[in-house]
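Take a look at the structure below.
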Ligand SMILES: Nc1ncnc2c1ncn2[C@@H]1O[C@H](COP(=O)(O)OP(=O)(O)OP(=O)(O)O)[C@@H](O)[C@H]1O
Ligand SMILES: [Mg+2]
């Protein structure tokens with residue numbers, strides 16, 4: 001850019017200065033011509049021209065109408081008496097003689113020339129030709145060009161140093177961060193040290209935040225694997241214990257064998273249930289990608305669930321009822337997972353309600369949501385446990401859960417399924433009074 005700008009500037013200067021010089025030369029030639037128009041005698045010319053204050057080194061040639069030189073200010077190479085043919089003079093001597101000025105370069109030197117007709121009685125009687133060396137003008141331009149070159153070089157060096165320094169200042173922290181990430185051991189997550197508040201600092205903070213989240217996920221995954229192994233190991237250990245004692249007992253009586261085998265059977269059932277539920281959870285994780293939502297009548301689903309649960313409730317002597325709004329409630333749902341979610345919650349209510357209690361299931365909606373609530377008059381959940389009941393394998397009372405066959409996965413599965421439908425679950429519970437679980441699903445009457 002500097003180079004283009006400089007050459008443009010120098011070119012403009014050339015045109016401007018030489019044009020100016022040409023006008024000056026033309027003006028001088030005009031002055032001489034008008035002086036000589038008073039008297040065009042050789043004597044007058046030879047006397048008058050040297051008196052005029054002309055620029056040094058300017059050469060004045062006066063010719064008559066035939067281009068014969070009458071006067072030449074250069075005595076050494078005088079053309080006096082000779083015919084001087086020059087295009088500017090020819091133009092000046094034409095019928096309607098015109099002033100003409102020109103500049104050109106010849107043999108490495110610049111010249112500025114002008115020719116003006118000498119008019120006497122409205123007729124050209126000769127012409128004044130003035131030529132001046134343009135070297136001094138060129139010197140000025142050369143000087144400016146050299147200064148521009150030095151300035152340009154200086155700017156290039158300064159800008160070069162400045163931009164290299166700036167670039168390294170900006171890229172060094174990024175390089176440092178990249179190096180840190182690349183060198184991080186494959187089996188551990190480490191945080192980077194944040195030293196600045198600029199964009200790189202922000203990037204480092206975001207990176208550390210990501211590390212935190214990854215670590216949290218990793219912790220959850222570890223806890224899940226360890227909980228799952230523990231949950232699977234317990235029934236297996238019991239089966240092992242029971243079978244060992246059977247083997248070691250000599251001539252066990254049939255009643256004893258039956259009792260042991262029935263216990264072992266229970267544990268196998270429990271194992272199967274845990275594995276089924278774990279599979280259910282992992283399926284739910286992968287389902288997110290290819291879920292099939294079908295418009296389904298929620299009332300039909302509610303009836304189906306209640307039909308399954310009613311025998312369980314009546315077996316425990318629990319008053320079990322279903323209230324539904326009269327309108328149709330059609331929702332796009334993934335049927336299996338949503339049925340499982342509602343079933344798990346209602347099953348809990350029956351499971352955690354003492355004999356003679358009450359469980360009420362309700363289906364309702366407002367303008368933007370569909371609500372499925374399950375209220376019971378059961379044992380309730382302690383306040384500090386309410387947050388945890390949706391965690392995988394969490395049970396308020398492990399010993400009791402063992403009796404009831406609980407795996408602690410039911411609500412985790414329910415929450416996952418409801419989340420897949422864009423909803424959430426609300427819990428209100430008071431110990432020894434009862435609990436109310438409400439599934440809230442988004443509902444858009446226009447769309448559905
Ligand atoms: N309606 C309820 N009343 C009282 N406690 C409840 C109720 N629902 C859930 N809980 C508590 O929350 C815990 C977690 O429930 P969740 O359904 O996940 O597991 P679970 O019922 O123990 O086992 P699973 O459902 O797999 O058979 C239960 O163990 C229980 O302590
Ligand atoms: Mg449950």
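A short reminder: the numbers here are calculations on the coordinates, not readings from a lab. Predicted model, so just to flag it, every value in this text is computed and none were measured. Note: ideal-geometry Cβ built from the backbone for every residue, glycine included; neighbour counts use all protein chains shown.
Summary of computed values
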read-out: Residue 150-residue 27 FRET efficiency (beta carbon distance; Förster radius 45 Å; 0.05 resolution); value: 0.80
read-out: Burial order of peptide ranges 39-50, 358-369 (average beta-carbon count within 10 Å, highest first); value: 358-369, 39-50
read-out: P(r) of the chain over all Cα-Cα pairs, binned every 10 Å from zero, in whole percent; value: 4, 13, 13, 10, 8, 6, 4, 4, 5, 6, 7, 8, 6, 4, 1, 0, 0
read-out: Extension gain, residue 388 back to residue 226 (0.36 nm per residue minus Cα-Cα distance, nm); value: 56.6 nm
read-out: Nearest 10 degrees, 0 to 90: helix 254-287 Cα axis against the chain principal axis; value: 20 degrees
read-out: Simple spin-label estimate for residue 125 and residue 39 in nanometres, 7 Å along Cα-Cβ; value: 1.1 nm
read-out: Fully extended contour minus Cα-Cα distance, from residue 172 to residue 1, at 0.36 nm per residue; value: 58.7 nm
read-out: Cα-projected label distance for residue 164 with residue 336, points at 7 Å along beta-carbon direction, nm; value: 6.7 nm
read-out: Net length gained if the chain between residue 294 and residue 55 were fully extended (0.36 nm per residue, minus Cα distance); value: 75.8 nm
read-out: Förster-model FRET efficiency, 35 Å R0, residue 397 and residue 324, C-beta, rounded to 0.05; value: 0.60
read-out: Nearest-ten-degree value, helix 335-351 long axis tilted from longest Cα axis of the chain; value: 40 degrees
read-out: Candidates 375, 114, 341: whichever shows maximal mean-square fluctuation once the chain is modelled as a Gaussian network with Cα springs under 10 Å; value: 114
read-out: Computed E for residue 213/residue 262 - FRET, C-beta separation, R0 41 angstrom, nearest 0.05; value: 0.30
read-out: The chain: calculated mean residue ellipticity at 222 nm from DSSP helix runs of at least 4, using -39500 (n - 2.57); value: -19000 deg cm²/dmol
read-out: Nearest 10 degrees, 0 to 90: helix 2-36 Cα axis against the chain principal axis; value: 20 degrees
